[in-house]
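The values are calculated or read from the model by the stated rules, or taken from the named source; none is laboratory data. In this text the structure is predicted, and so the values were computed from the model without any measurement. FYI the Cβ positions are ideal-geometry reconstructions off the backbone, even for glycines, and counts take in every protein chain you see.
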Amino acid sequence: MNPTKAVMRKNLLPGEQVIVTTRPQPRKLAGAAVAFVLAPALAAYGSAWIIRGGAARLAPALGRQWTPWLVAACIVAAAAVWLGYCLPRLLRWQGTRYILTSHRLVARYGLLNRRDQQVNLASVRNLTVHESVLQRLVRSGNISLETGHQGLVTFRDVPEVARFRDFILDAIGELPDDSGAQPGGATYYPAGAFPEDMREGGRDDR
(Lines give C-alpha, C1' and ligand atoms only; values in the text may rest on other atoms or scores of the structure.)
Protein backbone atom coordinates (compact mmCIF):
# COMPACT_ATOMS: atom_id res chain seq x y z
CA MET A 1 0.00 0.00 0.00
CA ASN A 2 1.21 3.47 -0.80
CA PRO A 3 2.29 5.04 2.56
CA THR A 4 1.04 8.47 1.50
CA LYS A 5 -2.42 7.09 0.84
CA ALA A 6 -2.33 5.30 4.18
CA VAL A 7 -1.54 8.57 5.98
CA MET A 8 -4.26 10.30 4.02
CA ARG A 9 -6.88 7.71 4.96
CA LYS A 10 -5.77 7.92 8.57
CA ASN A 11 -6.16 11.70 8.78
CA LEU A 12 -9.23 12.32 6.67
CA LEU A 13 -12.55 11.98 8.45
CA PRO A 14 -14.86 9.08 7.55
CA GLY A 15 -16.43 9.75 4.16
CA GLU A 16 -14.28 12.85 3.53
CA GLN A 17 -12.56 13.25 0.18
CA VAL A 18 -10.12 15.81 -1.21
CA ILE A 19 -11.63 17.80 -4.09
CA VAL A 20 -8.90 20.27 -4.98
CA THR A 21 -5.74 21.78 -3.54
CA THR A 22 -3.87 24.84 -4.74
CA ARG A 23 -1.56 27.65 -3.70
CA PRO A 24 -2.32 31.38 -3.85
CA GLN A 25 -2.01 33.04 -7.23
CA PRO A 26 1.71 33.90 -7.52
CA ARG A 27 1.19 37.52 -8.59
CA LYS A 28 2.72 38.73 -5.32
CA LEU A 29 5.98 37.12 -6.39
CA ALA A 30 6.33 39.59 -9.25
CA GLY A 31 8.30 42.09 -7.17
CA ALA A 32 10.54 39.33 -5.82
CA ALA A 33 11.13 38.03 -9.35
CA VAL A 34 12.14 41.49 -10.58
CA ALA A 35 14.45 41.97 -7.59
CA PHE A 36 15.93 38.51 -8.15
CA VAL A 37 16.99 39.54 -11.66
CA LEU A 38 17.91 43.17 -11.02
CA ALA A 39 20.00 42.65 -7.86
CA PRO A 40 22.84 40.66 -9.49
CA ALA A 41 22.63 42.76 -12.65
CA LEU A 42 23.09 45.97 -10.67
CA ALA A 43 25.81 44.35 -8.56
CA ALA A 44 27.69 43.34 -11.71
CA TYR A 45 27.29 46.81 -13.21
CA GLY A 46 28.45 48.46 -9.99
CA SER A 47 31.42 46.12 -9.69
CA ALA A 48 32.50 46.84 -13.26
CA TRP A 49 32.16 50.58 -12.67
CA ILE A 50 34.28 50.33 -9.53
CA ILE A 51 36.96 48.23 -11.21
CA ARG A 52 37.20 50.78 -14.07
CA GLY A 53 37.97 53.43 -11.46
CA GLY A 54 34.59 55.11 -11.31
CA ALA A 55 34.52 55.13 -7.51
CA ALA A 56 38.04 56.54 -7.31
CA ARG A 57 37.13 59.36 -9.71
CA LEU A 58 33.95 60.14 -7.82
CA ALA A 59 35.59 60.02 -4.40
CA PRO A 60 39.41 60.35 -4.62
CA ALA A 61 39.74 59.10 -1.05
CA LEU A 62 38.61 55.69 -2.33
CA GLY A 63 41.88 54.62 -3.89
CA ARG A 64 42.57 51.37 -5.70
CA GLN A 65 43.11 49.65 -2.37
CA TRP A 66 39.37 49.97 -1.71
CA THR A 67 38.34 48.24 -4.95
CA PRO A 68 38.09 44.66 -3.56
CA TRP A 69 36.06 45.88 -0.61
CA LEU A 70 33.66 47.88 -2.75
CA VAL A 71 33.17 44.96 -5.13
CA ALA A 72 32.55 42.68 -2.16
CA ALA A 73 29.98 45.20 -0.88
CA CYS A 74 28.12 45.00 -4.19
CA ILE A 75 28.04 41.21 -3.98
CA VAL A 76 26.85 41.29 -0.37
CA ALA A 77 24.11 43.78 -1.26
CA ALA A 78 22.83 41.50 -4.02
CA ALA A 79 22.90 38.50 -1.68
CA ALA A 80 21.03 40.51 0.96
CA VAL A 81 18.27 41.29 -1.54
CA TRP A 82 17.99 37.61 -2.45
CA LEU A 83 18.02 36.33 1.12
CA GLY A 84 16.18 39.16 2.84
CA TYR A 85 13.54 40.00 0.24
CA CYS A 86 13.14 37.34 -2.46
CA LEU A 87 13.55 34.15 -0.45
CA PRO A 88 11.09 34.99 2.38
CA ARG A 89 8.36 35.84 -0.14
CA LEU A 90 8.98 32.66 -2.09
CA LEU A 91 8.86 30.54 1.06
CA ARG A 92 5.70 32.28 2.25
CA TRP A 93 3.99 31.49 -1.04
CA GLN A 94 5.40 27.96 -1.16
CA GLY A 95 4.17 27.29 2.37
CA THR A 96 0.58 28.38 1.75
CA ARG A 97 -1.99 25.91 0.48
CA TYR A 98 -5.75 26.00 0.10
CA ILE A 99 -7.33 22.56 0.41
CA LEU A 100 -10.98 21.89 -0.34
CA THR A 101 -12.46 18.61 0.84
CA SER A 102 -16.00 17.33 0.72
CA HIS A 103 -16.49 18.65 4.28
CA ARG A 104 -14.32 21.73 4.72
CA LEU A 105 -11.99 24.35 3.28
CA VAL A 106 -8.55 24.39 4.87
CA ALA A 107 -5.82 27.02 4.60
CA ARG A 108 -2.36 25.96 5.70
CA TYR A 109 0.34 28.60 6.20
CA GLY A 110 4.06 28.15 6.80
CA LEU A 111 6.72 25.52 6.19
CA LEU A 112 8.31 25.30 9.64
CA ASN A 113 5.95 27.22 11.91
CA ARG A 114 2.60 26.11 10.57
CA ARG A 115 -0.73 27.80 11.10
CA ASP A 116 -3.93 26.15 9.95
CA GLN A 117 -7.36 27.66 9.38
CA GLN A 118 -10.42 25.72 8.35
CA VAL A 119 -14.06 26.40 7.61
CA ASN A 120 -16.64 23.64 7.82
CA LEU A 121 -18.80 23.70 4.73
CA ALA A 122 -21.87 22.71 6.73
CA SER A 123 -21.61 26.03 8.60
CA VAL A 124 -21.31 28.28 5.51
CA ARG A 125 -24.22 30.72 5.24
CA ASN A 126 -22.92 32.97 2.48
CA LEU A 127 -20.07 32.93 -0.05
CA THR A 128 -18.70 36.09 -1.66
CA VAL A 129 -15.97 36.55 -4.26
CA HIS A 130 -14.03 39.85 -4.31
CA GLU A 131 -11.80 40.69 -7.27
CA SER A 132 -9.65 43.76 -7.75
CA VAL A 133 -8.79 44.97 -11.24
CA LEU A 134 -5.37 43.32 -11.07
CA GLN A 135 -6.86 40.10 -9.72
CA ARG A 136 -9.34 40.00 -12.58
CA LEU A 137 -6.48 40.22 -15.07
CA VAL A 138 -4.90 37.07 -13.61
CA ARG A 139 -8.23 35.37 -12.80
CA SER A 140 -7.70 35.29 -9.06
CA GLY A 141 -9.72 36.69 -6.20
CA ASN A 142 -10.56 36.63 -2.50
CA ILE A 143 -13.21 34.18 -1.32
CA SER A 144 -15.08 35.19 1.84
CA LEU A 145 -17.16 32.62 3.69
CA GLU A 146 -19.70 33.76 6.25
CA THR A 147 -20.43 31.18 8.91
CA GLY A 148 -22.57 31.12 11.99
CA HIS A 149 -19.68 30.07 14.22
CA GLN A 150 -16.54 31.80 12.90
CA GLY A 151 -18.04 34.95 11.41
CA LEU A 152 -16.35 35.98 8.16
CA VAL A 153 -13.31 34.04 6.96
CA THR A 154 -11.41 35.20 3.86
CA PHE A 155 -9.04 33.19 1.66
CA ARG A 156 -6.92 35.60 -0.38
CA ASP A 157 -5.60 35.40 -3.96
CA VAL A 158 -7.27 32.11 -4.80
CA PRO A 159 -6.31 31.20 -8.40
CA GLU A 160 -9.06 30.44 -10.93
CA VAL A 161 -11.40 31.88 -8.36
CA ALA A 162 -14.59 31.25 -10.37
CA ARG A 163 -13.81 27.54 -10.71
CA PHE A 164 -12.81 27.28 -7.06
CA ARG A 165 -16.08 28.95 -6.04
CA ASP A 166 -17.99 26.42 -8.13
CA PHE A 167 -16.12 23.57 -6.45
CA ILE A 168 -17.12 24.94 -3.05
CA LEU A 169 -20.76 25.36 -4.04
CA ASP A 170 -20.85 21.84 -5.50
CA ALA A 171 -19.35 20.43 -2.30
CA ILE A 172 -21.89 22.30 -0.16
CA GLY A 173 -24.71 21.07 -2.39
CA GLU A 174 -23.57 17.46 -1.96
CA LEU A 175 -23.42 17.61 1.84
CA PRO A 176 -25.83 15.11 3.42
CA ASP A 177 -28.68 16.49 5.48
CA ASP A 178 -27.30 14.77 8.58
CA SER A 179 -23.81 16.21 8.10
CA GLY A 180 -23.13 16.12 11.82
CA ALA A 181 -23.37 19.86 12.30
CA GLN A 182 -23.51 21.13 15.83
CA PRO A 183 -26.11 23.71 16.93
CA GLY A 184 -25.41 26.89 15.00
CA GLY A 185 -24.23 24.97 11.95
CA ALA A 186 -20.61 24.38 12.94
CA THR A 187 -18.95 20.99 12.82
CA TYR A 188 -15.87 20.59 14.99
CA TYR A 189 -12.78 18.68 13.90
CA PRO A 190 -9.62 17.73 15.76
CA ALA A 191 -6.79 20.19 15.08
CA GLY A 192 -4.71 17.63 13.17
CA ALA A 193 -7.54 15.87 11.34
CA PHE A 194 -6.29 16.40 7.81
CA PRO A 195 -3.46 14.77 5.89
CA GLU A 196 0.09 15.97 5.63
CA ASP A 197 -0.17 15.97 1.83
CA MET A 198 -3.72 16.38 0.56
CA ARG A 199 -2.78 16.71 -3.07
CA GLU A 200 -2.90 13.01 -3.82
CA GLY A 201 -6.33 11.82 -4.88
CA GLY A 202 -7.69 15.28 -5.67
CA ARG A 203 -7.51 17.83 -8.43
CA ASP A 204 -4.34 19.91 -8.39
CA ASP A 205 -5.34 23.37 -9.64
CA ARG A 206 -1.97 25.07 -9.55
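Can you find a residue in the range 132-145 that is surrounded by 13 or more Cβ atoms within 10 Å (Cβ to Cβ), small (Gly, Ala, Ser) and farther than 16 Å from Thr21 by Cα?
Taking the range 132-145 first, the residues surrounded by 13 or more Cβ atoms within 10 Å (Cβ to Cβ) are 135, 138-145.
Of the ones still in play, those that are also small (Gly, Ala, Ser) are 140-141, 144.
Now narrow it down to the ones that are farther than 16 Å from Thr21 by Cα: 144.
Within the range 132-145, one or more residues are surrounded by 13 or more Cβ atoms within 10 Å (Cβ to Cβ), small (Gly, Ala, Ser) and farther than 16 Å from Thr21 by Cα.
Output the residue which, of all residues in the range 49-107 that are β-branched (Val, Ile, Thr) and in a helix (DSSP H, G or I), is surrounded by the fewest Cβ atoms within 10 Å (Cβ to Cβ).
Filtering the range 49-107 for residues β-branched (Val, Ile, Thr) gives 50-51, 67, 71, 75-76, 81, 96, 99, 101, 106.
Filter again for in a helix (DSSP H, G or I), leaving 50-51, 67, 71, 75-76, 81.
Details: Ile50: 21, Ile51: 14, Thr67: 17, Val71: 18, Ile75: 14, Val76: 11, Val81: 19.
Among those residues, the one meeting the criterion is Val76.
Can we say Ser144 is in contact with a strand residue (DSSP E or B) (Cβ under 6 Å, 6 or more places away or on another chain) and either modelled with pLDDT under 90 or of a type in the set (Ser, Thr, Tyr) (or both)? Walk me through it before giving the result.
On the way: in contact with a strand residue (DSSP E or B) (Cβ under 6 Å, 6 or more places away or on another chain): yes; either modelled with pLDDT under 90 or of a type in the set (Ser, Thr, Tyr) (or both): yes.
Criteria met by Ser144.
Could you give me the residue pairs with C-beta distances under 7 Å whose first residue belongs to the range 50-61 and is over 17 Å from Ile75 (Cβ atoms), whose second residue is at pLDDT 75 or above and assigned to a helix (DSSP H, G or I) wherever it lies, and which are 6+ apart or on separate chains?
Ala56/Arg64
How many of the residues in the range 10-32 are assigned to a helix (DSSP H, G or I), surrounded by fewer than 17 Cβ atoms within 10 Å (Cβ to Cβ) and not basic (Lys, Arg)? Spell out the reasoning first.
Restricting attention to the range 10-32, the residues satisfying the condition of being assigned to a helix (DSSP H, G or I) are 10-11, 26-32.
Applying the additional criterion that residues be surrounded by fewer than 17 Cβ atoms within 10 Å (Cβ to Cβ) yields 10-11, 27-28, 30-31.
Now narrow it down to the ones that are not basic (Lys, Arg): 11, 30-31.
Within the range 10-32, residues that are assigned to a helix (DSSP H, G or I), surrounded by fewer than 17 Cβ atoms within 10 Å (Cβ to Cβ) and not basic (Lys, Arg) number 3.
Would it be correct to say that Leu112 is under 19 Å from Leu175 (Cβ atoms) and surrounded by fewer than 19 Cβ atoms within 10 Å (Cβ to Cβ)? It would help to see each step written out before you state the result.
On the way: under 19 Å from Leu175 (Cβ atoms): no; surrounded by fewer than 19 Cβ atoms within 10 Å (Cβ to Cβ): yes.
Against the criterion (under 19 Å from Leu175 (Cβ atoms) and surrounded by fewer than 19 Cβ atoms within 10 Å (Cβ to Cβ)), Leu112 does not qualify.
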